[in-house]
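K.L.:
Please read through the structure below; I'll follow up with questions.
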Amino acid sequence: MDFQNAMDAYGDFIRQLVDRQVVSIKLALGKITVRHIFVDGGFSKNEIFMTLLAKALPELEVYAAELAQASALGAVVVMYEYWNTKP
């Protein structure tokens, strides 16, 4: 694909990334009903990505996590009772 400039290429990249992310989110959710999505990592600070993601998922509230490594922390919280043997 030929682009007129770097911004056109970047815009296309972000749109394709959002499209793939939307498909992944919908697959992960399946029939589960959620109202909020929290994005962490580098792209959570990308205003264009976050805006397009929110527009592509109008049924959800999309937030940028304020805590670095929020996904890792969430995984620990979920798994805590399974690996912690002490009260």
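The values are calculated or read from the model by the stated rules, or taken from the named source; none is laboratory data. What you see is a predicted model; the values in this text were computed from it and never measured. All Cβ positions, even for glycine, are placed from backbone atoms using ideal geometry, and neighbour counts span all protein chains on display. Protein only, heavy atoms only, side chains kept; ligands, DNA and RNA dropped before computing areas. Shrake-Rupley method; radii C 1.70, N 1.55, O 1.52, S 1.80 Å.
K.L.:
Relative contact order of the chain: what whole-number percent is it, with Cα pairs under 8 angstrom and at least 6 residues apart?
P.N.:
The normalised contact order for the chain reaches 28 percent.
K.L.:
Something else now. Can you sort Met7, Met1, Met79, Met50 by solvent-accessible area, 1.4 Å probe, largest first?
P.N.:
Listed by decreasing accessible area, they come as Met1, Met7, Met79, Met50.
K.L.:
Taking the chain, how many lysine pairs are there with alpha carbons less than 23 Å apart, if each pair must be eight or more places apart or span two chains?
P.N.:
Going through the chain pair by pair, I get 4.
K.L.:
Something else: Can you pull the percent of the chain's accessible area that's carbon plus sulfur, 1.4 Å probe, other chains left in place?
P.N.:
60 percent
K.L.:
Near the amide H of Tyr63, under 5 Å away, which other amide H atoms are found, from residues 5 or more places off or on another chain, if H is placed in the peptide plane?
P.N.:
Under 5 Å from the amide H of Tyr63: Ile37, Phe38, Val39.
K.L.:
I would also like to ask the following. So which trypsin sites (Lys or Arg not before Pro) in region 29-84 pass both tests, a DSSP loop state and at most 10 other Cβ atoms within 10 Å of the Cβ?
P.N.:
Taking region 29-84 and a limit of 10 other Cβ atoms within 10 Å, the loop trypsin sites (Lys or Arg not before Pro) found are Lys31, Arg35.
K.L.:
Also, I was wondering about something else. In region 21-67, which GluC sites (Glu not before Pro) fall in coil by DSSP and have 12 or fewer other Cβ atoms within 10 Å?
P.N.:
Loop-located and lightly packed - Glu59, Glu66.
K.L.:
What accessible area per residue, rounded to a whole number of Å², is obtained for the chain using a probe radius of 1.4 Å?
P.N.:
Values: 7080 Å² over 87 residues.
Result: 81 Å² of accessible area for each residue.
K.L.:
Would you list Ile32, Ile25 from the most to the least accessible area, probe 1.4 Å?
P.N.:
If we order Ile32, Ile25 from most to least accessible, we get Ile32, Ile25.
K.L.:
Here's something else I'd like to know. With all protein chains present, calculate the accessible area of Phe49 using a 1.4 Å probe and round the result to the nearest 10 Å².
P.N.:
We get 10 Å² for Phe49.
K.L.:
Can you give the charge dipole size of the chain about its Cα centre, rounded to the nearest 20 debye, using +1 on the beta carbon of Lys and Arg and -1 on the beta carbon of Asp and Glu?
P.N.:
Using only the charged Cβ atoms, the result is roughly 340 debye.
K.L.:
Same structure again: Kirkwood hydrodynamic radius of the chain from all distinct Cα pairs, in Å?
P.N.:
It is 15.1 Å.
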